[in-house]
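Below: one structure, written as structure tokens.
The values are calculated or read from the model by the stated rules, or taken from the named source; none is laboratory data. Worth saying up front: this structure is predicted, and the values here are computed from it rather than measured. Cβ atoms come from the backbone with ideal geometry, glycine included; neighbour counts cover every protein chain shown. What goes into the accessible areas is simple: the full protein's heavy atoms, side chains included, and nothing from ligands, DNA or RNA. Shrake-Rupley method; radii C 1.70, N 1.55, O 1.52, S 1.80 Å.
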Amino acid sequence: MRRTHLPPAADDDTDARLVVVPASSGTDDQLPADARQLTETVRDPAADPLPRVRLDRGLDLAVVPEARAVPGLPLYRRH
């Protein structure tokens, strides 16, 4: 991951939105594969259960290209 953001939810159905910018997000064509890989990693039974539980109970996951502006400061940033 290049960076992640945790902006507030846009509606009442979710708690928040986790916005992930993958390190390989050079083009929009790569995003579906990056999103699939991230989802499989989170849903892996051997993985930390907290992200899986949060995604099941009200956290939205968005995978966006690096050029996309995301409001607020990143929660995590790789330098």
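You will find that of Pro49, Pro65, Pro71, the residue that is open to solvent by 60 Å² or more (accessible area, probe 1.4 Å) and either of a type in the set (S, T, N, Q) or over 22 Å from Asp11 (Cα atoms) (or both) is Pro49 and no other.
Would you confirm whether or not the range 31-43 contains a residue that is loosely packed, with under 15 Cβ neighbours inside 10 Å and in a loop (DSSP other than H, G, I, E, B)? Break it down stepwise before answering.
Our first condition is that a residue be loosely packed, with under 15 Cβ neighbours inside 10 Å; within the range 31-43, this holds for 32-33, 36-37, 39-41, 43.
Filter again for in a loop (DSSP other than H, G, I, E, B), leaving none.
No; the residues of the range 31-43 include none that is loosely packed, with under 15 Cβ neighbours inside 10 Å and in a loop (DSSP other than H, G, I, E, B).
Say whether the condition of being modelled with pLDDT of 80 or more, part of a helix (DSSP H, G or I), touching a strand residue (DSSP E or B) at 6+ places or on another chain (Cβ under 9 Å) and under 17 Å from Arg2 (Cβ atoms) is met by at least one residue in the range 53-73. Within the range 53-73, not a single residue is modelled with pLDDT of 80 or more, part of a helix (DSSP H, G or I), touching a strand residue (DSSP E or B) at 6+ places or on another chain (Cβ under 9 Å) and under 17 Å from Arg2 (Cβ atoms). Scanning the range 19-30 for residues that are part of a loop (DSSP other than H, G, I, E, B) and either surrounded by 13 or more Cβ atoms within 10 Å (Cβ to Cβ) or touching a His at 6+ places or on another chain (Cβ under 8 Å) (or both) yields a count of 3.
Each residue in the range 1-42 was checked for being without any contact (Cβ under 8 Å) to a residue 40 or more places away in the chain and either touching a helix residue (DSSP H, G or I) at 6+ places or on another chain (Cβ under 6 Å) or among the acidic types (Asp, Glu) (or both), and 8 of them qualify. Tallying residues that are within 14 Å of the chain's Cα centre (by Cα) and open to solvent by less than 70 Å² (accessible area, probe 1.4 Å) within the range 52-62 yields 7.
Based on what the data block shows, is Arg3 closer than 21 Å to Arg78 by Cβ and within 14 Å of the chain's Cα centre (by Cα)? Give the derivation first.
On the way: closer than 21 Å to Arg78 by Cβ: yes; within 14 Å of the chain's Cα centre (by Cα): yes.
Against the criterion (closer than 21 Å to Arg78 by Cβ and within 14 Å of the chain's Cα centre (by Cα)), Arg3 qualifies.
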